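The structure under discussion appears below in the form of structure tokens.
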Amino acid sequence: MAELKIALVGSAPASLRLAPYQDPEWQIWGCSPGLFGYASRVTEWYELHLWEPGQPWFSPEYCQWLKNLPTRGVKLWTGAPVGDLPGSEVFPFDEIQAEFDPHDWFCSSTVYWMMARAIKMGATKIGFWGIDMAAGEEYEMQRAGLHFLSYIARARGIEVGIPMESDLFTPRFRYGQHEWSHSFRKWRARRAELDGRVMEADRMSRAKADEATFLRGAIDDVNYMHSTWVHRNSFLGPELVPKVLQAPVDTSGVGWLSSTLDSTGAPWDVVRDGDPRLTLAALSSYGLKVDGTPKAKPGRKRARKGR
């Protein structure tokens, strides 16, 4: 009796290129839009999902490739009749389930249907390439269906295998018992360390985000000041003197003041145009009022009052 070798091929990148495309002894059964660009030869193709051209997973190239399969002698299975795919056939779900899973406990992936059909056809060898089902909750649930069918296949004398690049049949965590193991304790410690680092990174990220928000506000304030301060000159000190301080000072009768004046009769502090006129600061420093008359001396008055 001739062997019936069936390769079930998915799109997991670690091993999809390793499938026996060039070995005519193997039938190549494929699925997934992620595989069609790599599969140089296929015998059957399974596209059981709702037919939705235009969705990201149904690219125009993939849809056209599917349409061409029946013309190349490839059996194309769909989940329901698809008018856009002439020559395709609806997969016999009920027939498969009546034999393998009448309670619908394990039919959780396209590969499950592929493997069940391979067993029903009398395969002698079933190999998996590009199929890990190792990431996320969805694949975690789907693995159980393939493990269940693998028990059935072995019970019927069918050889089941995977390449070294796949972890489809790696044993799972044994609930309860393996919590006492070295590997579990190491995993838990490493996970706690990484969780702590993530929390610290998140805290620093929030702090940096707050700092960035503050700096954006500062930039807005600087832009406001730039647009509001229309004068571009430097303002480093007063250049003009109030008019009330620009009146000439009458120094007649104030002989002691002459020692503080230069040859023009002006004190050292003058206005910027060189006019010999006293400023308020100069008058105050010489004990004069704004009109040039001597200020009263409070100290002497208080002394007389004390007598």
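I want to verify the translational diffusion coefficient of the stretch 77-178 in µm²/s; compute it with Stokes-Einstein, Rh as the Kirkwood radius over Cα pairs, at 4 °C and 1.567 mPa s.
Numbers: Rh = 15.0 Å.
My calculation gives 86 µm²/s for D.
Could you line up TRP113, TRP187, TRP180 from fewest to most neighbouring Cβ atoms inside 10 Å? Don't skip to the answer; put the middle values down first.
On the way: TRP113 24, TRP187 13, TRP180 8.
Ranked by crowding around the Cβ, least crowded first: TRP180, TRP187, TRP113.
The fewest-to-most ranking of THR124, THR170 by surrounding Cβ atoms within 10 Å reads THR170, THR124. How charged is the neighbourhood of ASP195? Take every other residue with its Cβ under 12 Å from the Cβ of ASP195, and add Lys/Arg as +1 and Asp/Glu as -1. Overall, the nearby charge balance is +1.
So for PHE106, PHE173, fewest C-beta neighbours within 10 Å to most, what's the order?
Numbers: PHE106 19, PHE173 12.
Final ranking by Cβ density, sparse to dense: PHE173, PHE106.
Each part gets one Cα centre, and for the stretch 20-62 versus the stretch 166-187 those centres are 34 Å apart. For the stretch 140-155, backbone phi angles converted through the Karplus equation (6.51, -1.76, 1.60; θ = phi - 60°) give residue-by-residue couplings of 4, 5, 6, 4, 4, x, 5, 5, 4, 5, 5, 4, 5, 4, 5, 5 Hz, Gly and Pro being listed as x.
Where the alpha-carbon atoms of the stretch 5-161 are placed on the principal axes, they occupy 41, 35, 31 Å, in descending order.
Any read-out appearing in this document is the output of simple, stated calculations on the displayed coordinates, not a laboratory observation. Note that the structure is a prediction, hence the values are computed from the model and not measured. Reconstructed Cβ throughout: ideal geometry from the backbone, glycine too, with neighbour counts over all protein chains shown.
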